Amino acid sequence: MKKIYIGVVFLLLVIGSLTLIRLFVLGEEKESFIESRGITKVGIISVWSDLDNKQYALKEEIEVMDKETIDKFIEIINNGTLSKGLLMDRLPHEYELKIYYKDRIIRCSYGYEESQYNMQIQGVSGVITIDHRIMDELIIGVTGEVNRQKNVNPY
């Protein structure tokens, strides 16, 4: 009977220790801005902007159905930092993204503003600052374009 009691106490100590380690060492779980389950594809639309003349044009949407690439997009977005006080003051930005689920589409705008790269997501209040180097690499791989150095002027 004494061995069972010692075993139960030991088990409770281990569980308690793991819980404390998770809370203090790993921190809180980060909020997900985009649910990764159920995504069928991601669409990327390059936006050419002439802000001086207040003109812009959307290029043709490029669809990505490769699961690995889609997962990278979602990981970059979900690892961003939300700033609820910021709002993007102009649309469209350098790229528009559409995240397709079976029954809905989430629209996102991605671009350079206030010395950082931001993303605004439909349904999320505020602006998400993301790692632009990784996002630009993905976009270059899909579209062949370098952000902010687009080759085609539609005018």
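The values are calculated or read from the model by the stated rules, or taken from the named source; none is laboratory data. Remember, it's a predicted structure, so these values are computed and weren't measured experimentally. Cβ sites come from the backbone with ideal geometry, for glycine too, and all protein chains shown count toward neighbours.
Worth pointing out:
- Every residue from segment 91-119 that is modelled with pLDDT under 80 and not charged (D, E, K, R): 91, 92, 93, 111, 112, 115, 116, 117, 118, 119
- Selection status of residue 152, outside any strand (DSSP E or B) and at pLDDT below 80: yes
- Strands (runs of 3 or more DSSP E) wholly inside segment 1-90 containing at least 2 residues that are at pLDDT 90 or above, surrounded by 11 or more Cβ atoms within 10 Å (Cβ to Cβ) and among the hydrophobic types (A, V, I, L, M, F, W, C): 39-50, 62-64
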